[in-house]
Structures are given as C-alpha cells and as structure tokens.
Amino acid sequence: MSNEAASGYRVRLRHSHALSGTDRQVLQRFLYDAFAGDFDDSDFDHCLGGVHVFAEDDRGMVGHAAVVQRSLVAGDTVLRTGYVEAVAVAARMRRRGVGDAVMARVDDIVVRAHDLGALSASADGRPLYLRRGWEPWRGPLGVLTVDGMRPSPDDDQDSALILRTPSCADLDTGQRLTCDWRNGSDW
Ligand SMILES: CC(C)(COP(=O)(O)OP(=O)(O)OC[C@H]1O[C@@H](n2cnc3c(N)ncnc32)[C@H](O)[C@@H]1OP(=O)(O)O)[C@@H](O)C(=O)NCCC(=O)NCCS
C-alpha cells in the first residue's frame, strides 16, 4: 500500500482552467489558513495558470502545490522554468509526509515539462525541498522590469532554490539569475 493510501489521502493533478469559481474560493481559503493569514491576493494570483497538485482526504483538501511557467535567465541562457507556488499542508496533517508526496508530483512535472525548477522557500518549507534535491542559488538574483534589470534584495537571495533537470545538469548556480516581472513579490 502506498504512503498516501496508508495515511488516508490521495493526490491528484488539475490545471487551473478546470477549477470552478467555488474551487478557487476553497483553495484560496485553504492557503490563507495554511499560511496563517500571510497569503494575499497576489500570492494567490501567482499560483494560477498552471498545474495544481492537490492532496485530499475524506474531510477535504489537506495539501496543495502549483507549478506555473516562468522565464528565468541564468547568465545569458533563457530557461523555461517550472516555478513552484503555494506549497501548503493543512495544520492537522503536517509531519506525515503529505508535503513530500505533493512535492514528488511537483518534481516530476518540473523534470518532464521544464528546463529548470525554481521556488522561494519559507523557513518551514526549506528542509523539505533540500531533502528532495533542491539547491540554493549561489549567485546574485534580479528581476527584468520594463526599466531594465533590478537587483533583488537579500531576503529573496536567501530563499531561492532550484531543481536541476537533465537539460541543465551542468548549470552554474554562481551566475546571475533573473526572473520575469509580475505583480506582488518577484520571487
Ligand atoms: C512546509 C509544509 C508544506 C511541510 O508539509 P508536511 O506535510 O509537514 O511535510 P512532510 O511531512 O513531508 O515533512 C515535514 C517533516 O515531517 C517528517 N515526517 C514525514 N513523515 C513523517 C511521519 N510519518 N512521522 C513523523 N515525521 C514525519 C519529515 O521527515 C519532515 O521532518 P523535518 O522537517 O524534521 O525534516 C507545511 O509545514 C506547511 O504547510 N507550512 C506552512 C506553509 C509553508 O510555509 N509552506 C511552504 C512554502 S515555501
């Protein structure tokens, strides 16, 4: 029996286009609660437009992550990036491997569909990602705005992690990494 089945939850994938208005409201409420209120409308906007990984049990949603496509540039190489957003597990189900099961699906999506994986880790999330092979980005970070490249602050630097795929096995993480511009937080 899989860990998921043994723990009484199942994991499934849905694209944002398949979510009804009610589904979106339920998801936003779930994320708001899981992040203890530290999750605003722009954070929710960032997790739309790609693939959602849901963990659910008989009482409802217990875990979530989303992979959205962004354009990141390492040095002068443009990388089709699977950017991971809104990773969260319901407080009642933490420390049972739900986060790991959700991230296993995320990693598979990134490796199959993208050149690179990237995310901005919270202190809670960081050990989970590092354990799964995600790496800190060592070089400077920036964002490509309409006025040109703007360096990212140290906080962003400290939380940026990447996942290599076979197409970037030799990627030098000491280079500058820039992301595309969006509303809310850059990373
Ligand atoms: C970060 C978060 C998603 C982790 O979810 P989770 O389901 O608790 O993650 P896991 O259970 O896979 O792993 C967490 C810990 O439980 C341990 N664990 C996993 N299965 C276990 C089990 N059956 N029994 C005991 N411990 C277990 C893991 O080894 C890990 O331990 P460690 O942190 O000491 O290394 C969750 O804490 C959360 O939602 N936090 C708030 C939102 C947030 O910060 N999200 C991350 C954004 S980047």
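How high is the FRET efficiency between Arg131 and Asp108 when r is their beta carbon distance and R₀ equals 22 Å, given to the nearest 0.05?
0.85
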About its Cα centre, how strong a charge dipole does the stretch 12-121 have in debye, to the nearest 20, once Lys and Arg get +1 and Asp and Glu get -1 at the Cβ?
360
Counting pairs of Cα atoms in the stretch 86-128, how many percent are more than 13 Å apart?
59
Roughly what angle does helix 21-34 make with the longest principal axis of the chain, taking Cα atoms, 0 to 90 degrees, to the nearest 10?
80
With just the Cα atoms of the chain, tell me how far they stretch along each of the three principal axes, in Å, largest first.
48, 33, 28
How big is the dipole moment of the chain about its Cα centre under a simple scheme where the beta carbon of each Lys and Arg is +1, that of each Asp and Glu is -1, and everything else is neutral? Debye, nearest 20, please.
680
In degrees between 0 and 90, to the nearest 10, how far off the longest principal axis of the chain does helix 98-113 point, with axes built from Cα atoms?
50
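What shape does the stretch 21-114 take by its C-alpha gyration tensor, where a ≥ b ≥ c are the square roots of the eigenvalues and a/c under 1.5 counts as rounded, a/b above b/c as prolate, and the rest as oblate?
prolate
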Contour minus Cα-Cα distance for Arg94 and Arg176 (0.36 nm per residue)
26.0 nm
Mean separation of Cα pairs under 8 Å and 6+ residues apart, divided by the residue count of the chain: what relative contact order is that in percent?
20
Counting only helical runs of four or more DSSP H residues, what would the 222 nm mean residue ellipticity of the chain come to if each run contributes -39,500 (n - 2.57) and the total is spread over all its residues?
-8000 deg cm²/dmol
Between beta-carbons, use under 13 Å as the cut-off and find the net charge around Cys168, counting Lys and Arg +1, Asp and Glu -1.
-2
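Here, each number is a calculation from the coordinates, and none is a lab measurement. These numbers were taken from a predicted model, which means no experiment stands behind them. We place every Cβ from the backbone using ideal geometry, glycine too, and count neighbours over all the protein chains shown.
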